[in-house]
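Worksheet: the structure to be examined is printed underneath.
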Amino acid sequence: MATEFDLVVVGGGIVGLSTAYALTRARPGVKVAVVEKEQDLSRHQTGRNSGVIHSGVYYRPGSLKAQYATGGAAEMVEFCKEQGVPYEVTGKLIVATRPDELPRLRALAERGRENGIPVAELDRAGIRAYEPEVTGLAGLHIGTTGICDYPAVARRYAELAQEAGAVLLTGTELLTVDRRADGVTLRAGQRELRCGVLVNCAGLHSDRIARLAGDDPGVRIIPFRGEYYELVEHRRSLVRGLVYPVPDPAFPFLGVHLTRGVHGDVHVGPNAVPALAREGYDWRTVKPRDLAETVSFPGTWQIARRHWRYEIGELHRSLSKRAFTTAVQRLLPAVTAADLTPATAGVRAQAVAKDGTLLDDFAFAGFDPDDPSSTRRVVHVLNAPSPAATASLAIGREVARRALAALAAG
């Protein structure tokens, strides 16, 4: 016998759980299930998150990332405060260490102000006032940035959704999707589920779930591993808060930065390298299917052609602790290789178009209530990398809005 639901959310990470929470708040009594292939929730991107509550300073004005992160930072702080989740509003520094970075730093300050974010410009002495061990030519201080425990946030979303009637099905992998005019039938693990709308929040596997549902997502998830070290305990005092370099606008990663977490640990990284599996958290993890999909995708080779110099540097730092330490010393001269110990790695689910364009904004597909001709019965979240955790409440509301409109449209 099939189990009947109004909506089934695929993916038990922070976006899927925030969507389930938003659905139960927007429509009390709605029948929602969350399907997660792992035995535990938040095993992948959410559970390996840096813990930063991003201010929105980096993102293009008017973009979803800018809108959702700017408001999301304050909203996340309020949620943590109300729900007893560990958090702290620390502020952060963005530091230019070379003269050629100064124009980009000024442009970043302007972008932040356009996004409504308070930005303070600093000289060398100003940098040292916040971070005595950090060196740079000039910097920005962003006071609205913070840190929190995102796995704890995700667990709280799950608990609140369950209290409102949502069903969480862990250890249940989605295997088949049969879309019909009157609904959707799913085979998930040993279960058959029927629902009015399928909501795809599968993160690293979102493009595959879209294809399983019969849709062409137009993008491929290319996994990039973020490799971290952390400061040994007796050297954590080198860093008081959060310190970032000036990002390269041509690449979606923020460069090696210093992050003090809510539990006192100080992470250093990430080093961004291609992963050999969608859940490839080290060089030893290779999945032939994942690797074949990445290598056969035209966009992969376009990325390699455009960014090969950048990636050579990332690979060098991945394979050489000395090279990684040298990169960190640009910001933190006092650090030595002996101060760094390997930490948990993460994998970023980066959506890439066939022409090699790395999607810069959050991306949704499937049913769109503003487009009557859009695909029925499904809603896909195709691109939700950082700052998705910061913006998870806003993303969840948007996905829930689309999903409930799809349910009403039938």
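The values are calculated or read from the model by the stated rules, or taken from the named source; none is laboratory data. This one's a predicted model, so the numbers in the text were calculated from it and none came from an experiment. So basically every Cβ, Gly included, is an ideal-geometry build from the backbone, and we count neighbours across all protein chains shown.
Some values worked out for this structure:
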quantity: Filtered residues of the range 328-367 (kept if outside any loop (DSSP other than H, G, I, E, B), in contact with a Lys or Arg (Cβ under 6 Å, 6 or more places away or on another chain), buried (at least 18 other Cβ atoms within 10 Å of the Cβ) and not charged (D, E, K, R)); calculated: G346, V347, V352
quantity: So T390, is it closer than 26 Å to H44 by Cβ and either surrounded by 20 or more Cβ atoms within 10 Å (Cβ to Cβ) or aliphatic (A, V, I, L, M) (or both); calculated: yes
quantity: Test result for A394, assigned by TED's automatic domain parsing to the domain that holds R25, within 16 Å of F79 (Cβ to Cβ) and either among the acidic types (D, E) or part of a loop (DSSP other than H, G, I, E, B) (or both); calculated: no
quantity: Matching entry among L41, L93 (being crowded, with 16+ Cβ neighbours inside 10 Å, under 16 Å from G396 (Cβ atoms) and among the aliphatic types (A, V, I, L, M)); calculated: L41
quantity: Some residue of the range 306-322 being at pLDDT 95 or above and in contact with a strand residue (DSSP E or B) (Cβ under 9 Å, 6 or more places away or on another chain); calculated: yes
quantity: Tally of residues being surrounded by fewer than 23 Cβ atoms within 10 Å (Cβ to Cβ) and not aliphatic (A, V, I, L, M) across the range 197-222; calculated: 9
quantity: Test: T90 is touching a residue at least 12 places away in the same chain (Cβ under 8 Å) and outside any helix (DSSP H, G or I); calculated: yes
quantity: Residues satisfying the stated conditions in the range 267-298, i.e. more than 17 Å from E314 (Cα to Cα) and in contact with a helix residue (DSSP H, G or I) (Cβ under 8 Å, 6 or more places away or on another chain); calculated: A277, R278, E279, T294
quantity: Residue match in the range 256-263 (condition: farther than 24 Å from A107 by Cα and among the hydroxyl-bearing types (S, T, Y)); calculated: no
quantity: Residue count, the range 68-84 (criterion: of a type in the set (A, V, I, L, M) and either free of Cβ contacts under 8 Å to residues at least 60 places away in the same chain or surrounded by fewer than 20 Cβ atoms within 10 Å (Cβ to Cβ) (or both)); calculated: 2
quantity: Qualifying positions in the range 229-252 - surrounded by 20 or more Cβ atoms within 10 Å (Cβ to Cβ) and within 23 Å of A351 (Cβ to Cβ); calculated: none
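One line per residue, one yes/no per condition, for (1) outside any helix (DSSP H, G or I); (2) crowded, with 16+ Cβ neighbours inside 10 Å:
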| residue | (1), (2) |
| --- | --- |
| R113 | no, no |
| G126 | no, yes |
| H141 | yes, yes |
| T144 | yes, yes |
| V153 | no, yes |
| A158 | no, yes |
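For every residue, the table says whether it meets (1) of a type outside the set (G, A, S); (2) farther than 28 Å from Y130 by Cα.
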{"residue": "D248", "(1), (2)": "yes, no"}
{"residue": "L254", "(1), (2)": "yes, no"}
{"residue": "G269", "(1), (2)": "no, no"}
{"residue": "L276", "(1), (2)": "yes, yes"}
{"residue": "Y281", "(1), (2)": "yes, yes"}
{"residue": "V286", "(1), (2)": "yes, yes"}
{"residue": "F297", "(1), (2)": "yes, yes"}
{"residue": "W301", "(1), (2)": "yes, yes"}
{"residue": "H307", "(1), (2)": "yes, yes"}
